[in-house]
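Every number here is computed from the coordinates shown, using simple stated rules; none is lab data. All figures in this text were calculated on a predicted structure; none of them were measured in a lab. Virtual Cβ from ideal backbone geometry, glycine too; neighbours counted across all protein chains shown.
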Amino acid sequence: MIRLPASLDRQLKELFPDQATREAFVVETLQQALYGEAKPDQDLPGAVGGTLHLFTDGGSRGNPGQAAIACVLIDPSSGSVVREHYERIGIETNNVAEYRALIEGLRIAQLYHPNRLICHLDSELIVKQLSGEYAVRMPTLQPLVQQIRTLSSPFPTVTFTHIPREDNHHADRLVNKALDEHPSPHYEKP
C-alpha cells in the first residue's frame, strides 16, 4: 500500500474520521483517476461527477466595507482548476462575504454534478456554524445559512472543512483582485 504524506493523511482523517470510510474514499479516488469510472453528465461539457474541491473566500476592506467574494473549483484527480469566480459585492461585513462566497461556490459546483463536494474555508467560525458546533446568532446571517443548506442538499455528500489562510491562497488572491480591479462580476474559465 502507498504511504501518504503526513499532512495529507491528517486532512483525510479530519474529513473521514472512520478508517473504513477513509480507505473507501482513497480507493474510489484512485479508481476514478486510473480507470475513469466517474461518468460526466452528457448535457454539460466539463462535468466531472466524482469528487470536487471548492475553495472559497470573502473579505471586506473595513468591517463593514467594500467586499468581494471568490471561489475556486478544483478537480483533485488532475489538480486542475475547473472554474474560478470572483466579484465585488458592495458594502458588507467579512462574515457576510465569507457566506456569500460559499453560496456562489455551491451554485457553480452544482453545474458539475459531483458525487462528493469538499468545501474548504479559512473561516473557522463559519465551518463551526455550519456544523452546528456554534449557533448562528446574527439575524442577518441566518438566511445565508439556510440558503447554504438548501444549495447543499442536491449533493450526495458535502463537507465543510476549515483550512489555514495560507492554504487558501488562490481564492484569497482572487478576492483581492476583485477589490483592486473589478467593480462588477467577473468569470474566468482557465
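What residue among Ile163, Gln110, Ile69 has its Cα farthest toward the positive end of the dipole of segment 51-188, where the charges are +1 on Lys, Arg and -1 on Asp, Glu, each on the Cβ?
Gln110
May I ask you to compute the full-extension gain from Asp180 to Thr140, defined as 0.36 nm times their residue separation minus their alpha-carbon distance, rounded to one decimal in nm?
11.7 nm
Subtract the Cα-Cα distance of Thr29 and Ser78 from 0.36 nm times their separation in residues, and report this length gain in nm to one decimal.
16.5 nm
Once the piece of chain linking Gln147 and Leu8 is laid out straight, how much longer is it, given 0.36 nm per residue of separation minus the C-alpha distance between them?
Working it through step by step, the gained length comes to 47.0 nm.
When you count, for each residue, the other Cβ atoms within 10 Å and take the mean per peptide, how do 83-94, 6-17 rank with the highest first?
Sorting 83-94, 6-17 by mean packing, highest first, produces 83-94, 6-17.
Can you tell me the order of 142-152, 117-127 when each peptide is scored by its average per-residue count of other Cβ atoms within 10 angstrom, highest first?
117-127, 142-152
Please list 129-139, 71-81, 52-62, 96-106 highest first by mean number of surrounding beta-carbon atoms within 10 Å per residue.
Going by the mean number of other Cβ atoms within 10 Å, highest first, we get 96-106, 52-62, 71-81, 129-139.
Over all directions, average the projected area of the Cα convex hull of segment 51-188 and note it in nm².
Spelled out: convex hull of the Cα atoms, projected over all directions, averaged, 7.7 nm².
Counting only DSSP beta bridges with both residues in segment 51-188, tell me the antiparallel percent, nearest 5.
The antiparallel proportion sits near 65 percent.
Tabulate in residue order the Karplus-calculated ³J(HN,Hα) for segment 59-66, using 6.51 cos²θ - 1.76 cosθ + 1.60 with θ = phi - 60°, rounded to whole Hz; enter x for Gly and Pro.
My calculation for segment 59-66 gives x, 9, 9, x, 9, x, x, 4 Hz in order.
Counting pairs of Cα atoms in segment 61-131, how many percent are more than 21 Å apart?
Counting every Cα pair in segment 61-131, those more than 21 Å apart make up 30 percent.
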